Structures are given as C-alpha cells and as structure tokens.
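In what follows, a structure is listed as structure tokens, so that the remarks can point back to it.
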Amino acid sequence: MPDKPGTILVIDDDPDVLTAAQLLLKRHYGLVAVDDDPAKLPGLLDERTWDVILLDMNFALGANSGEEGLRWLALILDRQPSALVILMTAYGAVDTAVKAIKQGAIDFVLKPWHNERLLTTVATAMRLRESREQVKHLKSRERELAPPSGSGIIGDSPPMRAVQEAVARVAPTTANVLILGENGTGKEVIAQEIHRQSRRAGDVLISVDLGAVPESLFESELFGHKKGAFTGASVERIGRFQAASGGTLFLDEIGNLPLHLQGKLLSVLEQRQVLPVGANTPVPIDVRLICATNMPLRRMVKDGTFREDLLYRINTVEIGLPPLRERPGDIPLLLTHFIDLYARKYNLPKRKVTLDALDKLCAYRWPGNVRELRHAVERAMIMGNSEQLQAKELLFASVDAERDAEPSSADGSALNLDKVEQVTIEKALRKHAGNISHAAKELGITRTSLYRRMEKYGL
C-alpha cells in the first residue's frame, strides 16, 4: 500500500514524456503508472479506478488534429464517467484541447510543460476528486436519513400535491428553477428532490448559501482562483460552479446577492464558463441551476435592487412553497417523519403524540415553518421522558408557550427579554424585506449572529 495517496495514469507515445512525468509525479502521489499505447486503456481502466488520467492528444506518426485524443477521452468517460482527464497537447492544438474540455476533460497542459504548472493542474484535479467524494459521502448519509418513500417532500395537502407535481414535471428537464417561500418552508429539500429525480442524479448537488458568502470572496468561492491571485491564495482552488459541473448547483438566498455581483453571475450563466480569479483562460461549466429566496424579487426588480435579466435567466420554472400554517393537515405526516428520523439518528424508541398535543400543534401558527417543527420534535425526542410526546414538550420554545409563561408589567407589556429580541429582529427583517445583510447592519450585529438568532426563534 503506497504511503502517499493518489493514483495517476499517464498515456503518451513519447518515452521521454512518460519518464519526465513519472519522475515528477511519483514524488507527490502514491501510484503513477505510465504507458505508451492507448489501446491498453480498456484493460488499465478495468484494473482500477484512477484519480487522475493524463492523456496525450495525438499518437499516430505525424498526427496533429487531436481526434485520437478525443476518441480515447470518450472511451475513458464511457468506462469511468467520474474520471478526471487532463489533456497534454502542443501549443498549436489548444483549440482542440478546449473542445475536449467541453466533451468532459477538466483541463489541459501544454508540452513541454513547466513542472510547477503540471503539479498545480494535477493537484487541482485531486482536490476536485476529494470534493466529489465528500459530496458522495454526504449523499449517502442523506439517503440513510431519507423517508422510506425515498422522497424528501412530506405532505398530502392540495398545495403540496401541486408542488410535487411541479417537481415531477421539471426535474427531468434541464430548465433553471426558482424556488420561492418563507424561511423554513423547505426550499433546499425541494432542490434536493429536483436533483434526485433529474437525469443528473448520479452526479453532485452543490449547495451555496449566498447570504453567508462575503462579497469580497464571491468570485473566488463560486468561480475559483489561481495560486497567488490575492493575499492568502496559497493554493489553487476550484469554485463551486466547476465542482458542480455535470451536476446541479443550488444557490440559496439569491435575493441577498448585491447588485454589482448579480452581473457577474448573469455573465457566467449566459456564457456557461467561469474565469477563476487570477486566470487568463475561462473554464467551461455544465450545471443545472436551482435558486431559492424568501425575498420578493419582482418588487426588487421594480425598486432597482435586482436585475430583471437575471430574474428571467433563473426562473424558467418557478415553484412557490406554502407556509406550514396554510397546510396544517400535513402536520401529522411531518410529525411521523421527524419522529422516525430522530429515533433512528439518536437510537431512541419511537413515540406517539398525544391528541391534545396534536390539536395544539395544528392550531399553532409556526412562524419558523417546517424547520421550527423539526427542531421542536428533535428537542422533544431528546429531552422528553414519557412514552408520549406532550404539548408542553413540543411547544416548549413556541411564541404561544412564551406568552403563557412570561410575566407582564402593570400596563400589560411583556418583560421577557427573548421576546423583545425576537420582535425586534422580526421588525428589522420586515423593514428590509428579508435582506439579511441590511437587517443585521441596522441591528448592529453580524450576519452570522443574525442567522443564529433567527434559528433560535424559528424565523
């Protein structure tokens, strides 16, 4: 077993190229195999899964069209669809190399190469491999905690049946989707379900919370950057678009994206390529885009705070999620799902909900929507000590429970500090139409602190 991780295969008909590549790469990776005959590729691919494959584009004597490389690239991706292939080419074949990238290769290097350039390109590919493996692991964990039906959409009310029908219709297409709904209604769950039912289900789903990405890091985070592109860029990094290429990219909180960054996003969506920070060559991307927000984008277009052309680009199909208060009939189904989920997660016995608790849960307004209900069930499952879940356990942190418990002053006003903080946050969010950055600035706290308080109060 090699001490260093990483398996690399190099295919080139020039023995000097093979020797140079093997001597350079074996210092950094566990296994570096080389071969001068591309006809051996089927056997080499059957032998093992390679982390990175370096492939020459021309093999026949005098050939310079790159067509051979394209044929072998197609064979590699047919046998190992997840293979990360880097093309090796002479300067005059750059146009063909770019064509190969559009057909599934991830990058190319020019021969003769600079050692640092080759190492950087391979290292970037290895990080992409690691990112995809991490996503696969997360998807595996999601499947373990998924409901028995395999669908993450829980509900049989008319509004949710309409959502399920919309998802079933749009998922098999490549159309961009915009999901609208209040905080906690399950917008990310819908995005996951669209991906699960799509033709890209076997590839990655990358999620990005745009409300949590600092403006100064937006381009680096989404488009990637080259080593040394800015202070602190000590290694080359691929962006979320490139990591999601071939799969689905979910941009949450898109309504919080500042106007000057909206143009950069629109340009990428129109050109279907990204330019990493510090790079000179754009990288083609192939993503299915799903966006979500709780903000009134059409009103923002009229106010000049959201680009109309970007709105048209992201909402080929629009799906609106109803708040939980508008579908109380789904609460028993959601309760059963969350009780089963947390019984499995924490190895606890399943518990039933008393009729009194069920009545109160269905009558409660649920300002935090499904997220608030989920947290209520999780806490009750952990902290409850009876065979049945009681109303006082499930509504422990609800506004109604606080109102019943909190003391009042002589004029009837509440003295509960948490309640005052919650009301203040709600007012700030309403004033700024749900814009987290603006609300946090007015409240004098960071966005992270505001998110934490919103989570606390189920907002």
**Single residue of the range 310-357 satisfying the filter (acidic (Asp, Glu) and surrounded by fewer than 17 Cβ atoms within 10 Å (Cβ to Cβ)) that is farthest from the chain's Cα centre (by Cα)** = Asp356
**Prompt:** Out of Asp3, Asp16, which single residue is over 30 Å from the mean Cα position of the chain (by Cα), open to solvent by 60 Å² or more (accessible area, probe 1.4 Å), among the charged types (D, E, K, R) and modelled with pLDDT under 90?
**Reply:** Asp3
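Looking only at the range 33-56, filter to residues that are part of a loop (DSSP other than H, G, I, E, B) and free of Cβ contacts under 8 Å to residues at least 60 places away in the same chain; which one of those is least open to solvent (accessible area, probe 1.4 Å)? It would help to see each step written out before you state the result.
Of the residues in the range 33-56, the ones part of a loop (DSSP other than H, G, I, E, B) are 36-37, 48-51.
Remaining after also requiring free of Cβ contacts under 8 Å to residues at least 60 places away in the same chain: 36-37, 48-50.
Details: Asp36: 89, Asp37: 56, Arg48: 91, Thr49: 88, Trp50: 3 Å².
Going through the qualifying residues, I end up with Trp50.
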**Prompt:** Right, Arg27: free of Cβ contacts under 8 Å to residues at least 40 places away in the same chain, open to solvent by 40 Å² or more (accessible area, probe 1.4 Å) and closer than 18 Å to Thr124 by Cβ or not?
**Reply:** yes
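What number of residues in the range 278-303 are farther than 26 Å from Ala100 by Cα and either in contact (Cβ under 8 Å) with a residue 40 or more places away in the chain or surrounded by 15 or more Cβ atoms within 10 Å (Cβ to Cβ) (or both)?
Looking only at the range 278-303, we keep the residues that are farther than 26 Å from Ala100 by Cα, and these are 290-303.
Checking the rest, the ones that are also either in contact (Cβ under 8 Å) with a residue 40 or more places away in the chain or surrounded by 15 or more Cβ atoms within 10 Å (Cβ to Cβ) (or both) come to 290-297, 299-301.
Residues in the range 278-303 being farther than 26 Å from Ala100 by Cα and either in contact (Cβ under 8 Å) with a residue 40 or more places away in the chain or surrounded by 15 or more Cβ atoms within 10 Å (Cβ to Cβ) (or both): 11 in total.
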**Request:** Working carefully through the options Ile194, Ile206, Ile153, find the one that is open to solvent by less than 30 Å² (accessible area, probe 1.4 Å) and modelled with pLDDT of 95 or more.
**Result:** Ile194
**Fill in**
Scanning the range 151-205 for residues that are of a type in the set (Lys, Arg) and more than 30 Å from Gln80 (Cβ to Cβ), the one farthest from the chain's Cα centre (by Cα) turns out to be Arg161
**Request:** Within the range 431-448, track down each residue that is assigned to a helix (DSSP H, G or I), open to solvent by 20 Å² or more (accessible area, probe 1.4 Å) and at pLDDT 75 or above.
**Result:** Lys431, Ser437, His438, Lys441, Glu442, Leu443
**Item:** Filtered residues of the range 265-277 (kept if in contact (Cβ under 8 Å) with a residue 24 or more places away in the chain, surrounded by 16 or more Cβ atoms within 10 Å (Cβ to Cβ) and not hydrophobic (A, V, I, L, M, F, W, C))
**Value:** Pro276
**Message:** Tell me whether the range 367-387 contains one or more residues that are more than 20 Å from Pro158 (Cβ to Cβ) and of a type in the set (Val, Ile, Thr).
**Reply:** yes
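Looking at Glu182, is it open to solvent by 10 Å² or more (accessible area, probe 1.4 Å), modelled with pLDDT under 95 and in a helix (DSSP H, G or I)? Break it down stepwise before answering.
On the way: open to solvent by 10 Å² or more (accessible area, probe 1.4 Å): yes; modelled with pLDDT under 95: yes; in a helix (DSSP H, G or I): no.
No, not satisfied.
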**Prompt:** Among (1) closer than 26 Å to Tyr29 by Cα; (2) at pLDDT below 85, which single condition is Asp95 missing?
**Reply:** (1)
**Asked** Assuming Ile425 fulfils every condition listed in (1) surrounded by 15 or more Cβ atoms within 10 Å (Cβ to Cβ); (2) modelled with pLDDT of 90 or more apart from one, which condition is it?
**Response** (2)
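The values are calculated or read from the model by the stated rules, or taken from the named source; none is laboratory data. All values reported here derive from a predicted model rather than from experimental measurement. Quick reminder, even Gly has a Cβ in these numbers, built from the backbone with ideal geometry, and neighbours come from all protein chains shown. Quick note on the areas: whole protein, heavy atoms, side chains included, nothing else; ligands and nucleic acids left out. Shrake-Rupley method; radii C 1.70, N 1.55, O 1.52, S 1.80 Å.
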